[in-house]
Structure formats: C-alpha cells, structure tokens
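First up is the structure itself, then whatever we jot down about it.
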C-alpha cells in the first residue's frame, strides 16, 4: 500500500471480483487496510469514517500547541488490558483545509527514531516538536498507531484535532520553510 500511496493519484480496490472502493490513493489504501484488518479480527470504531483499527494500542489523548514559531503535537497511546505490544509505530499528518498533505512524520523518521513497546495497560506520552513553517489556514491532524509490519492498524483516527494558523502576511503558502538572508 505504501507504493500505491507514493506513486498513484487514484486507485481502485477490487474485492471478490467487484469494485469496493475508488478514489484517491490514500483513501483506497485506507479501505484496503480496513478490509485486511477486518479479516484478521480487527474491529471498526464507532464512527467508521473517522476512526478504526483493532484497538490493541489506541490514541487516548491528543492536543496541539501552536504559536508563531513552533508546533507541538502531544499524543497519549494506551495499550489494551489483554497483553503488551512490541514494535508499535505512531504516525501523524497535517492536512490543509483542502485535504492536501502539509507535513507529517512518525516515531521512526523523527530525530530520535524508535519502535514503541508497551506493557499491558501501559500509557506512553509522545510529544512531537517542530518549527512552525505552516502558512495561513486551518489544518487537521490525523494519527495512526500501527505495528511495524506496516499492515496491522491498531488505531487510525482521522481529523482528531483541527486548529488554525494565522500569519500577518496577506498571501502565505501552505508551507514556507525557507529562511532569507539579504547580503
């Protein structure tokens, strides 16, 4: 599915000889993962459109702190009561109001990459900090808790937080990472 997400704009999911989903590569890849996880005993969340997964590790809290210079994303992950979990990866993405990806990351591509290991019922608090390179606009935060196999989804939560980013400048792009030096 990562190849579909990376190389395709649109996709079709065929299940039992019938088209069961079509649309953007991200949406169809998510539908495939839902289908795969359901066949492996995973369960759907209360709101199938926003949240799904097998729940073995879930997002229990989320908050954002945004100011002119920095962004902090705080997430609490909690393991279920049945058993611990090893090799868990948490990823996040920020999309603009049109649904376009502005930025994202995970516990493996940050400055201190790591797989997360959980004991039964354990909660881990994660804080992702980064410079605020976002332009004017409203942004939506989504998160995914998955196993390192890249297929097993424990909790996928779309639009778990929404926030605005205001800039003084009249026209500002979605992301503005450049610095300026006048010589």
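Panel order for 5, 68, by other beta carbons found within 10 Å of each beta carbon, from fewest to most: 68, 5. Ordering 144, 78, 24 by the number of other Cβ atoms within 10 Å of each residue's own Cβ, fewest first, gives 24, 78, 144. The simple Förster model, with R0 at 30 Å and r as the Cβ-Cβ distance, assigns residue 61 and residue 8 a FRET efficiency of 0.30.
Computed from the coordinates by the stated procedures, all read-outs in this text should not be read as laboratory data. Remember, it's a predicted structure, so these values are computed and weren't measured experimentally. Don't worry about glycine lacking a Cβ; one is built from the backbone with ideal geometry, like all the others, and counts go over all protein chains shown.
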